[in-house]
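The values are calculated or read from the model by the stated rules, or taken from the named source; none is laboratory data. Only a predicted model underlies this, so the values are computations on that prediction, with no experimental measurement involved. For neighbour counting, all protein chains shown are included, and Cβ atoms are generated from backbone atoms with ideal geometry for every residue, glycine included.
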Amino acid sequence: MPDIQDDGVLGDSGEERPSKSAKKRAMTALQDLGTRLVQLTPAQLEQIPIEDARLSEAVLQARKISQRGGRRRQLQYIGKLMRTIDPTPIQAALEKLDGVHQEESARLHQLEQLRDTLIRDGDAALGAVLAVFPDADRQQLRQLVRCLDPEGPRAKEQARKLFRYLRALQEASLDDS
């Protein structure tokens, strides 16, 4: 009679095979991967290498289904299809997308901090911005900072204008890289 272990089951031939729980965890992980595919934007989905036409079609179909039960069944079907392919390239592409997203979030956070520093400190903070963006138009930046009135009726609009200018500077510096 075979011995039962935590991670797997010993078969009659003595080699270990995955337990029912391990198989279920693996299937759930593949279904979760398929769910991530469905949640991507069309532009992001184009970056994912899906070689199986059935899987690609199933993902596109799932995006169109709005009913809960139908969508759940479609996601289960996607999970079933994911078991027939090698998910490694898809996982790698999703991790790459996540990395790009994290980098973009960090850049936006840096811009928000610069904007907030300019709002708080005014002209005294221009040096910090010029250190980050040496190609910035000093006069335009100074004009945007001087127009800022934190308690004024157009404070949000002026802060957005400053943020857009900082973002344009950042995009220009990234394009030069």
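Answer yes or no as to whether ILE85 is touching an Asp or Glu at 6+ places or on another chain (Cβ under 6 Å) and either under 30 Å from VAL129 (Cα atoms) or assigned to a loop (DSSP other than H, G, I, E, B) (or both). Yes: the conditions hold for ILE85.
If I filter region 24-39 for residues that are polar (S, T, N, Q), closer than 13 Å to LEU94 by Cβ, out of contact with any His (no Cβ under 7 Å at 6 or more places or on another chain) and not in a helix (DSSP H, G or I), do I get at least one hit? No - not one qualifying residue is present in region 24-39. Determine whether ALA106 is over 26 Å from GLN170 (Cα atoms) and loosely packed, with under 13 Cβ neighbours inside 10 Å. Against the criterion (over 26 Å from GLN170 (Cα atoms) and loosely packed, with under 13 Cβ neighbours inside 10 Å), ALA106 does not qualify.
Criterion applied to ALA136, ALA125, ALA131 was being small (Gly, Ala, Ser), out of contact with any Ser or Thr (no Cβ under 7 Å at 6 or more places or on another chain), farther than 30 Å from ALA22 by Cα and surrounded by 12 or more Cβ atoms within 10 Å (Cβ to Cβ), and the one residue passing it is ALA136. Applying a threshold of 7 Å to beta carbon distances and a minimum spacing of six or more residues, or different chains, the list of pairs starting in region 97-109 at a residue that is over 17 Å from LEU166 (Cβ atoms) and ending at one that is at pLDDT 85 or above and loosely packed, with under 10 Cβ neighbours inside 10 Å is empty.
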